[in-house]
Every structure is written in C-alpha cells, then in structure tokens.
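Have a look at the structure below, then the notes.
The values are calculated or read from the model by the stated rules, or taken from the named source; none is laboratory data. The model shown is predicted, which means the values in this text are computed figures rather than measured ones. Glycine gets a Cβ as well: all are built from the backbone with ideal geometry, and neighbour counts include every protein chain shown. Accessible surface areas use protein heavy atoms only, side chains included; no ligands, DNA or RNA. Shrake-Rupley method; radii C 1.70, N 1.55, O 1.52, S 1.80 Å.
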Amino acid sequence: MLIRQGGDLTENDVTPRGIYLRRREFMTGVAGAGLALAAGPASAIALRGEPSRYSTDEEKTSKDNVTGYNNYYEFGVDKSDPARNAGALTTSPWTVKIDGECDKPGTYDLGDFLRGNTLQERIYRLRCVEGWSMVIPWLGVPLADLLKPYGPTSKAKYVAFETLERPSEMIGQRRSVLYWPYREGLRMDEAMNPLTIMAVGLYGETLPNQNGAPMRLVVPWKYGFKSIKSIVRISFTEKQPPTAWNRSAAREYGFYSNVNPEVDHPRWSQATERRIGEFRRRPTLMFNGYGEQVASMYRGMDLRKFF
Ligand code: MTE
C-alpha cells in the first residue's frame, strides 16, 4: 500500500526507470494463468484475459471506431477530440483513494488495488444516451472483487466514483462544460452485480487514454455515461451520490440511467440505436439486452420515475 498524494511525487517517480520497475512489480503481482496487467500509458503490452460467459458473440465494433469515436469531455466535446488530446494524460503513477463507509479507507497505488485479480475478457454492448452503440472487447475485473477487500459497512448503500481533475493535462476541464471532476454512482447491488467491471484494457491491449486509462468502469445495462473513466476515487456512501450529468441537467439524466427503449429522453426517442459502423437503426433492447442478469434489481420500481 502506498499512501501518498499526487503532489508529493519526486522526480524519480516519473523517470522511465521508475515506471519500468513499477510495471514489472504490477505484472508479477497479479495472479492468473499467463496473465499480465500492464500499467503505463505507452506500454501497449499484450494482455490476455479469460473469456467470460457474459460476453456477447455479436460482431465487434472496429478498433478504430472504439478508439477514435469517444465521449470524454475532459478532452473536448467532439467525438474525435479524445483521441487527439488524451495522449497528454500521465497515467503512471496512479493512485486511487478509497473512503467513506468501509473498514479500510486509504490511498492505494493502482498496482496494489488490482493485485491478485484475474483479468477477464468481456465483450459487451455499450449503448450511449445519444443513440449510438458499439460492441467492445474489454479486459477487466469484476468490480465486486475489487471492492469487497475494503470491507464496506452496513451503512454503505451506494458507491460513488470520481475522475481525475487535472486541467493542466485535461484541456476540456479548462471550460465549465460539466461540473468537474466528473462523478458517477451506483447503488450497492448494481456495483456488486457480476456484469459490472473495472476495465484496464480493450482489444487485448492496455486501455488507450481516450477510453479512460488507466481504469474505467463498464456498466453495460446502463447508458454509456455511467461508465466513468480514469477513476481516482471510490467512496462508499449512505446517501445517493450526486453525478455529473444529473447535476448539469437533472430532467434529462437520472441517477439510474438504465437503457430503456420505453422511456424517452426529453429531447429524443430511445427506442432505436445506430451501431457505429452500420447505417440502419436497430431496436434498443430493455436493459441493453442484459435483463436476465439485472431486471430483478429493479422489480417493483417505477422506471419512469427512477430513470
Ligand atoms: N467519463 C468521463 N470522465 N468523462 C466523460 O465525458 N463520457 C461518458 C463515459 N465516461 C465520459 C466518461 C459517455 S457519455 C460515454 S458514451 C462513454 O464514456 C464512452 O466511452 P468510450 O469512449 O470508451 O466508448
């Protein structure tokens, strides 16, 4: 465990040698057959994950589209901005602060946070609230496996997530297009659902910066904005936490944000979507097609009210 704030880093921490040593430590510390978790922005080390029964066998969206058509407002609001601007982000060293209602709060080095877990490949549909979708082969770890060791208490009803705030490298944060830092949240059962993963890679490689390096959430039955990128803080809370999109337009973006073709966005229908790389629109599925795994969590809830 490393308790240190970003501001205390010494010159030595960011030398190539420092990064190299950290990366080695990272790789050897992770259990699992033939598995290597790589830290570091430019490493592009091939990562191998175990296939998952939760994966879809639908055709994958091309890697060029997955890494070139992004929403990541910290780097600009156009789809091509993140690929152009996110290279400026330093992703190693990286720490994650765990706090709130849990037994083991602290600030942990990313390697320690992930250590001991087996990477899985999860090919998931991701459906954006704007009406497009992709199929992405993620590499990640179930969020439940990462969070349980911190001992959430009985008061922990929600999990809140925060993205890095560093306008010197995240040029989109120099403008107030959203409340920074970007925040998201899940109810505890949603966070612990086996479909929810923390992704550290895609297409067999380290996560590109524009997709949320070094780690981002993937919650496949919710609209894409719930899948928060470049996470530096995870808090266990008793109350429902505020989220960036809900704060900026509460009428348009609710806390739950489950993919739901029957509940329209106030300004457009959510009944259909366009798969990136295709022209025709296809019907959007309830819970993005993951109803079997998640519908029971919302039984008895009015999804028009809790949208
Ligand atoms: N996370 C942060 N920090 N900032 C963002 O602007 N955009 C969200 C989500 N996570 C966003 C974010 C939205 S709207 C979508 S659709 C997905 O990231 C897109 O993820 P992708 O670029 O990997 O496809």
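Looking across 144, 160, 213, one residue alone is of a type outside the set (S, T, N, Q) and touching a Leu at 6+ places or on another chain (Cβ under 6 Å). It is 213. When the criteria are applied in full, residue 233 meets the requirement of being touching a residue at least 40 places away in the same chain (Cβ under 8 Å), over 30 Å from residue 304 (Cβ atoms) and among the basic types (Lys, Arg). Would you confirm whether any residue within the range 163-183 is open to solvent by less than 40 Å² (accessible area, probe 1.4 Å), part of a loop (DSSP other than H, G, I, E, B) and away from the ligand (no atom under 14 Å from the Cβ)? There is no residue in the range 163-183 that is open to solvent by less than 40 Å² (accessible area, probe 1.4 Å), part of a loop (DSSP other than H, G, I, E, B) and away from the ligand (no atom under 14 Å from the Cβ). Scan the range 152-162 for residues that are away from the ligand (no atom under 16 Å from the Cβ) and in contact with a Phe, Trp or Tyr (Cβ under 9 Å, 6 or more places away or on another chain) and report the count. Of the residues in that region, 6 qualify.
Could you go through the range 186-195 and let me know if any residue there is closer than 27 Å to residue 296 by Cα, away from the ligand (no atom under 12 Å from the Cβ) and part of a strand (DSSP E or B). Looking through the range 186-195, at least one residue is closer than 27 Å to residue 296 by Cα, away from the ligand (no atom under 12 Å from the Cβ) and part of a strand (DSSP E or B).
Scanning the range 72-111 for residues that are open to solvent by 20 Å² or more (accessible area, probe 1.4 Å) and among the aliphatic types (A, V, I, L, M) returns 77, 83, 88.
If you go through the range 224-266 and keep only what is closer than 25 Å to residue 155 by Cβ and in a loop (DSSP other than H, G, I, E, B), you end up with 228, 238, 239, 240, 241, 242, 243, 254, 255, 256, 257. How about the range 254-271: which of its residues are touching a strand residue (DSSP E or B) at 6+ places or on another chain (Cβ under 6 Å) and either among the small types (Gly, Ala, Ser) or open to solvent by 30 Å² or more (accessible area, probe 1.4 Å) (or both)? Listed by number, the list holds a single entry, 257. The residues on offer are 251, 247, 274, and the sole one that is free of Cβ contacts under 8 Å to residues at least 60 places away in the same chain and surrounded by fewer than 19 Cβ atoms within 10 Å (Cβ to Cβ) is 251. Tallying residues that are within 20 Å of residue 250 (Cβ to Cβ) and within 25 Å of the chain's Cα centre (by Cα) within the range 263-287 yields 4. Being away from the ligand (no atom under 11 Å from the Cβ) and closer than 20 Å to residue 72 by Cβ is a property that holds for residue 249. Residue count for the range 205-234, restricted to those that are surrounded by fewer than 23 Cβ atoms within 10 Å (Cβ to Cβ) and either on the phi > 0 side of the Ramachandran plot or charged (D, E, K, R) (or both): 2.
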